[in-house]
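Here the structure comes first, spelled out in structure tokens, and everything after it is commentary.
The values are calculated or read from the model by the stated rules, or taken from the named source; none is laboratory data. These numbers come from a predicted model, not from an experiment. Here Cβ is always computed from backbone atoms with ideal geometry, including for glycine, and neighbour counts include all displayed protein chains. The accessibility values were calculated without ligands, DNA or RNA, using every heavy atom of the protein model including side chains. Shrake-Rupley method; radii C 1.70, N 1.55, O 1.52, S 1.80 Å.
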Amino acid sequence: MHRGEHADRTAQPPANRPPGPAEPPQAKESSLTLERGLNLLQAIAGADSAAPTISDLATSVGVSRAAVYRLLGPLQARGLVRREGSKVRLGLGVLWLAGRVLPQLRSASLPALRELAERVGATVHLTVADGNEAQAIAVVEPSWTSYHVSYRAGTRHPVHRGAAGRAVDLPEGGPQWVAATGELQHGTYSLAAPVRGVPGLRASVGVITMEPLSPDEVGPLVLETSATVAEALR
């Protein structure tokens, strides 16, 4: 055998390369348990009126009654659910978690809202819908204007009134933003676009001013900001 032939052969990679390291069984089991626990919590939260029973939850999640009891243990320990005999309800721990959501939404959205307020010279806000109500959770006023609308964070109004409320439920493929005049306050003009792509969130970014708005100019800017806010919240 020639030396060159030997070198060529040894340089070739093995015909059957062994597969990469597999995920440890413990990791797979932990991931599956977490997913089932989250499904269980969603099933409890999604119950229409009466609290679901252990049997109801077993059917909904697709596990045995014994598995439901095991999954409920850690959720109960953290106050996320509570047992009343065979029935299960959400616990007060969920309220604590919910109370931490709005500050985080506010903090994540403020840079994009501030940039829009400075660009358009108008008050900008992030509005979140909760059932049939809409609430402004973050408001930024421009720094360089002589006057502008003062809009207080925490303000609530019906979700079907005002550009900000009606924008949260705009369907995909429909209008990209909503414009309104004097629906919440006489003499004001507003335009809002939905924040899309954040699971479980119905929200919009809006502009409100005392001067008529040009939808062709302001609409794309609000739409761009809503996309930036969505990215920050994912």
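Which cross-chain or sequence-distant (5 or more) residues have an amide H under 5 Å from the amide H of Ala134, H modelled 1.01 Å from N in plane? Placed amide hydrogens put His157, Val159 under 5 Å from Ala134. What's the carbon and sulfur percent of the chain's accessible surface, probe 1.4 angstrom, rounded to a whole number? Accessible surface attributable to carbon and sulfur in the chain totals 53 percent.
Put simply, the amide H of Val195, placed in the peptide plane, has neighbours under 5 Å in Ala203, Ser204, Val205, leaving out anything fewer than 5 places away on its chain.
Once you sort the root eigenvalues of the Cα gyration tensor of the range 115-223 as a ≥ b ≥ c, which label holds: rounded (a/c under 1.5), prolate (a/b larger than b/c) or oblate (the other case)?
Numbers: a/c = 1.55, a/b = 1.35, b/c = 1.15.
The shape class here is prolate.
How much net charge surrounds Gly62 when only other residues with a Cβ under 14 Å from its Cβ are counted (Lys, Arg +1; Asp, Glu -1)? The partial results should precede the final answer.
Working: positive: Arg36, Arg65; negative: Glu35, Asp56.
Combined, the nearby Lys, Arg, Asp and Glu give 0.
If R0 equals 30 Å, the separation of the Cβ atoms of Asp48 and Ala77 corresponds to a calculated FRET efficiency of about 0.65.
For the range 67-178, the dipole from Cβ point charges (+1 on Lys and Arg, -1 on Asp and Glu) about the Cα centre works out to 640 debye, to the nearest 20. Per-residue ellipticity at 222 nm, computed for the chain from helices alone with -39500 (n - 2.57) per DSSP H run of at least four residues, works out to -14500 deg cm²/dmol. 3J(HN,Hα) along the range 145-156: 7, 6, 8, 7, 6, 8, 10, 8, 4, x, 4, 10 Hz, from the Karplus curve 6.51 cos²θ - 1.76 cosθ + 1.60 with θ = phi - 60°, whole Hz, x for Gly and Pro. Taking square-rooted eigenvalues a ≥ b ≥ c of the alpha carbon gyration tensor, is the range 73-160 rounded, prolate or oblate, where a/c under 1.5 means rounded and, failing that, a/b exceeding b/c means prolate? Verdict is prolate for the range 73-160.
With a sphere of radius 13 Å drawn around the Cβ of Ser190, what net charge do the other residues whose Cβ falls strictly inside it have (Lys, Arg +1; Asp, Glu -1)? List each step's numbers first, then the result.
Details: positive: Arg161, Arg166; negative: Glu183, Glu211.
Neighbourhood net charge equals 0.
Rounded to the nearest whole Hz, the Karplus-based 3J(HN,Hα) values (6.51 cos²θ - 1.76 cosθ + 1.60, θ = phi - 60°) of the range 173-179 follow the sequence x, x, x, 8, 8, 10, 10, with x at glycine and proline. Other residues lying with their Cβ under 12 Å from the Cβ of Ala164 contribute a combined charge of +1, Lys and Arg counting +1, Asp and Glu -1.
Expressed as cubic angstrom per residue, what is the convex hull volume of the alpha carbon set of the chain? Show your work: numbers first, answer last.
On the way: hull volume 56.8 nm³, N = 234.
Spread over its residues, the Cα hull of the chain gives 243 Å³ apiece.
Relative contact order of the chain, taken over Cα pairs closer than 8 Å and 6 or more residues apart, is 13 percent.
Which of rounded, prolate, oblate describes the range 157-207, given a ≥ b ≥ c as roots of the alpha-carbon gyration tensor eigenvalues and a/c under 1.5 marking rounded, otherwise prolate only if a/b is larger than b/c? Verdict is prolate for the range 157-207.
The residues of the chain expose, per residue, 61 Å² of accessible area to a 1.4 Å probe.
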